Amino acid sequence: MTATVVETATARRPDPWSASARGWRLALLLGWALMVVIAVVVGERQSSLRDLQHAVAAGEVHEVRIAGGMSAQARGFSTVEVHWRRGLLGYTTTVIEARPLGRAPRGSERGEATAVIGEDLGTRLQAVRPGLEVVTVDRTHRSTDLLGWRLPDWTSWLLLALWVSTLLVLVGSPEPWRATRWAWFWLMCVATPLGMAAYLLLAGPTPLVPAPRNPARRLTGGWAFLLAAAISSVADSIR
């Protein structure tokens, strides 16, 4: 008697992640990566007058740009912005010039100022290193912040476009991996932009990133909110 072997084809579940869904995620991932590059190129890190003076003394800074200040005869106080570059990176800090020093505001009234001095800031820096070029400029308007980098106002439109596009992809894409939609939403909103990067890398098929071993196990909204709040708190303490 001859046994007959019947081969049965195992039906594969169709992949819900279409080429367009994958493409949108990858395009947004590249967009956020480009935004980080823009932040490094045109943005400035918050620093201090002490760090600036050390960099000037070490010959690492050859030019500073100063906005604000008082004339030699003026009395009172003035908030002064100073900007400089060390290598490829830009830095900024705020200093209060007060003459006499007793005129300077106290406590929280100083805002983001990192020092109070009783002389012209440019003169003080040139005394640290003669030959330092001091350029007077207009005050800048940098209200956008990304990972501790202060960016020009025009970048806020790029950030808004990227954020809204990522949110639309979250809503319109197939069921995400590793976390529910609400979980990814809290991570994206509370832990921005780290949550954005995590979503674009881990919420679906990504080249060189392995798929989850157990797709049924996913982070839920409540736990994601707590995790996002913790990440945001740690990030704020590091800046």
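Here are some notes:
- Between helix 181-190 and the chain there is an angle of about 10 degrees, using the helix long axis and the longest principal axis of the Cα atoms.
- Between the stretch 31-51 and the stretch 80-111, the Cα center-to-center distance that results, in Å: 19 Å
- For residue 93, net neighbour charge (Lys/Arg +1, Asp/Glu -1) across residues whose Cβ lies under 10 Å away: -2
- Evaluated at q = 0.13, 0.18 Å⁻¹: base-10 log I(q)/I(0), Debye formula over Cα of the chain: -0.88, -1.27
- Nearest-ten-degree value, helix 221-238 long axis tilted from longest Cα axis of the chain: 30 degrees
- Taking Lys and Arg as +1 and Asp and Glu as -1, the other residues whose beta-carbon sits under 13 Å from that of residue 64 total -2.
- Our summary gives the chain a relative contact order of 20 percent, counting only alpha carbon pairs under 8 angstrom and 6 or more residues apart.
- The phi torsions of the stretch 63-70, fed into the Karplus equation with coefficients 6.51, -1.76 and 1.60 and a -60° offset, translate into couplings of 8, 10, 10, 10, 10, x, x, 10 Hz, rounded to whole numbers, with Gly and Pro shown as x.
- Here the Karplus relation 6.51 cos²θ - 1.76 cosθ + 1.60, evaluated at θ = phi - 60°, turns the backbone of the stretch 150-158 into coupling constants of 8, 10, x, 4, 5, 6, 4, 5, 5 Hz, with x for every Gly and Pro.
- Within the listed set 198, 55, 72, the residue fluctuating most in the Gaussian network model of the chain (springs between alpha-carbon atoms under 10 angstrom) is 72.
Rule-based calculations on the coordinates, nothing more; no lab input. In this text, all values refer to a predicted model and were calculated from it rather than measured experimentally. In this analysis, Cβ positions are derived from the backbone assuming ideal geometry, glycine residues included, and neighbour counts consider all displayed protein chains.
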